[in-house]
Amino acid sequence: MKVGIVGLGYVGLPLAVAFCEAGHEVVGVDVSAQGVEAVRAGDSYVEDVADARLTAALPRLVATTRYAELAKCEALVVAVPTPLTRNREPDLGPLVSSARSIGSVLQHGQLVVLESTTYPGTTREQLVPLLEESGLSAGVDFNVAFSPERVDPGRTDHTLRTTPKIVAGLTPECHRRAVALYGEVCDEVVEVSTPEAAELAKLLENIFRSVNIALVNELAVLCDRMGIDVFEVVDAASTKPYGFMRFEPGPGLGGHCLPVDPFYLAWRAREYGTPTEFIELAGEVNQTMPHYCAEKVAHALNEHSKSVRGSCVAILGVSYKAGVGDLRESPALKIMQILRDQGATLAYHDEHVPALTQLELSSEPLDVVLDGCDAAVIITHHPGVDLQAVVDRAPLVVDFRGATRGLTTSNVVLL
Ligand code: SAJ
């Protein structure tokens, strides 16, 4: 088969490589000429795709900025970003412009599948009309389906092939073709009745995490007031062999999904006169955590008769979660900005993130950032960081991940 992938990001590039590895020809389209150049050079900018895998796929992979190349493909997969506007409303800009471009080269008999996470109804009400600007009719002249991406950056125990793939077509024929397409790269295809059900299932997966993380974050704030160790509470509750699922309290939500997806559904639900207070509340609770954490640092310094202004604060871990270098919506950026605005001098150590251009900082070796610091703040707990050295060398450690629990310490303040 010849498969077209629109959007060679953290979703599209792994998918393109997977189809090449399954023996298919792939045309990868991206608006970024720089990104296309990198792909052509076998230089992967997606952590989950090693350069070697990309290079091995190149004989079957054509990377381009030209949508016209898609005309030769049987199936097209759309994996473009679905961010939020400044007012935290769905921003379908990238989706609309890519769908328009696809519409201008759409061929009779092609299948178009949307993978971008979005609110229920997007495929039928937004994508289809834009594709039909071609003059072709969906379900008649071409096929359409929705199949949500389930990329979990940094996860190694599950891959694209081993993670069940939800698929739903506009018509039975759309459905049949989409199921066949993903059968090429996924061991298990989960069929659902409508694109709307598939769109909402994806949102539910991430909202489920956002709500449960908000629950333990709210509990962390309460525990702080009650003088109870929230991590001990979560450990204890997690011993229940059924009926409880463990989530970690922390400095807030980062990444491209959890801080975004809930607001897609909240926005859509308003059209149905159904306020989704649960979802919105969880979003708010998680969004306040970086502020709560900055206050916690100020309070801890104050206990050492120091103010934030003039203090040297060593930040440990700035990416949005452990084991990845991804900075999208990372709570660390917010916390650091607040501390800097309050007059702190910042330094950071994170081997996954060499530079923080937005803060004009570069990662420094652990012993350098600890040298002479007034406080060390653990925001993201990457494996392999010598935490004993941190608690031994820093006069004060503020640990938002419970990473230092179990170490003999007297100078640690937990979340
Ligand atoms: N976090 C906590 N406590 C927890 C778990 C996570 O504070 O118990 C924080 C993390 O530190 C991070 C944020 O939440 O800042 C998100 O991390 P994550 O690992 O929960 O999720 P993502 O955004 O990296 O990936 C999620 C995954 N969704 C699910 O597992 C249901 C992934 O499988 C999805 O494919 C991805 O969203 C996506 O693309 O939607």
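The values are calculated or read from the model by the stated rules, or taken from the named source; none is laboratory data. Keep in mind the model is a prediction, meaning the values are calculated, not measured. Note: ideal-geometry Cβ built from the backbone for every residue, glycine included; neighbour counts use all protein chains shown.
Observations, loosely collected:
- Filter result for Val189 (under 18 Å from Glu125 (Cα atoms) and away from the ligand (no atom under 14 Å from the Cβ)): no
- Taking the stretch 138-163 as the range and being exposed (fewer than 13 other Cβ atoms within 10 Å of the Cβ), modelled with pLDDT of 95 or more and within 16 Å of the ligand (Cβ to nearest atom) as the test, only Thr162 passes.
- Yes/no for Phe208 being outside any helix (DSSP H, G or I) and under 20 Å from the mean Cα position of the chain (by Cα): no
- Residue tally, condition aliphatic (A, V, I, L, M), surrounded by fewer than 20 Cβ atoms within 10 Å (Cβ to Cβ) and in a helix (DSSP H, G or I), over the stretch 334-359: 2
- Positions within the stretch 267-288 being touching a Ser or Thr at 6+ places or on another chain (Cβ under 6 Å) and under 26 Å from Asp326 (Cα atoms), in sequence order: Ala282
- The stretch 311-342, subset of a type in the set (A, V, I, L, M, F, W, C) and in contact with a Cys (Cβ under 8 Å, 6 or more places away or on another chain), residue nearest to Pro83 (Cα to Cα): Ile335
- Some residue of the stretch 285-300 being over 22 Å from Asp399 (Cβ atoms) and β-branched (Val, Ile, Thr): no
Rundown of residues vs (1) part of a helix (DSSP H, G or I); (2) over 14 Å from Leu415 (Cβ atoms); (3) at pLDDT 95 or above; (4) of a type in the set (Val, Ile, Thr), yes/no style:
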residue: Ile279; (1), (2), (3), (4): yes, yes, no, yes
residue: Cys293; (1), (2), (3), (4): yes, no, yes, no
residue: His299; (1), (2), (3), (4): yes, no, yes, no
residue: Ile315; (1), (2), (3), (4): no, yes, yes, yes
residue: Lys321; (1), (2), (3), (4): no, yes, yes, no
residue: Arg328; (1), (2), (3), (4): no, yes, no, no
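- Residues in the stretch 203-226 that are of a type outside the set (A, V, I, L, M) and either touching a residue at least 24 places away in the same chain (Cβ under 8 Å) or more than 8 Å from the ligand (Cβ to nearest atom) (or both): Glu205, Asn206, Arg209, Ser210, Asn212, Asn217, Glu218, Cys223, Asp224, Arg225.
- In the stretch 397-411, residue nearest to the chain's Cα centre (by Cα) [restricted to those that are buried (at least 22 other Cβ atoms within 10 Å of the Cβ) and of a type in the set (A, V, I, L, M)]: Ala403
- Check on Val46, in contact (Cβ under 8 Å) with a residue 40 or more places away in the chain, crowded, with 19+ Cβ neighbours inside 10 Å and in contact with a Pro (Cβ under 8 Å, 6 or more places away or on another chain): no
- Test: residue in the stretch 52-62 that is surrounded by 15 or more Cβ atoms within 10 Å (Cβ to Cβ), touching a residue at least 60 places away in the same chain (Cβ under 8 Å) and not acidic (Asp, Glu): no
- Of all residues in the stretch 78-119 being in a loop (DSSP other than H, G, I, E, B) and charged (D, E, K, R), the one that is nearest to Gly7 (Cα to Cα): Glu115
- Cross-chain or 6+ apart pairs with Cβ under 6 Å, the stretch 308-327 first and in contact (Cβ under 8 Å) with a residue 12 or more places away in the chain, then within 14 Å of the ligand (Cβ to nearest atom) and outside any loop (DSSP other than H, G, I, E, B): Leu316/Ile378; Val318/Ala332
- Unique match (being assigned to a loop (DSSP other than H, G, I, E, B), at pLDDT 95 or above and either of a type in the set (A, V, I, L, M) or more than 21 Å from Ala178 (Cβ to Cβ) (or both)) among Gly42, Gly35: Gly42
- Taken over the stretch 292-309, the criterion of being surrounded by 12 or more Cβ atoms within 10 Å (Cβ to Cβ) and of a type in the set (S, T, N, Q) is satisfied by Ser307 alone.
- Count of residues meeting criterion [more than 16 Å from the ligand (Cβ to nearest atom) and surrounded by 23 or more Cβ atoms within 10 Å (Cβ to Cβ)] in the stretch 227-265: 0
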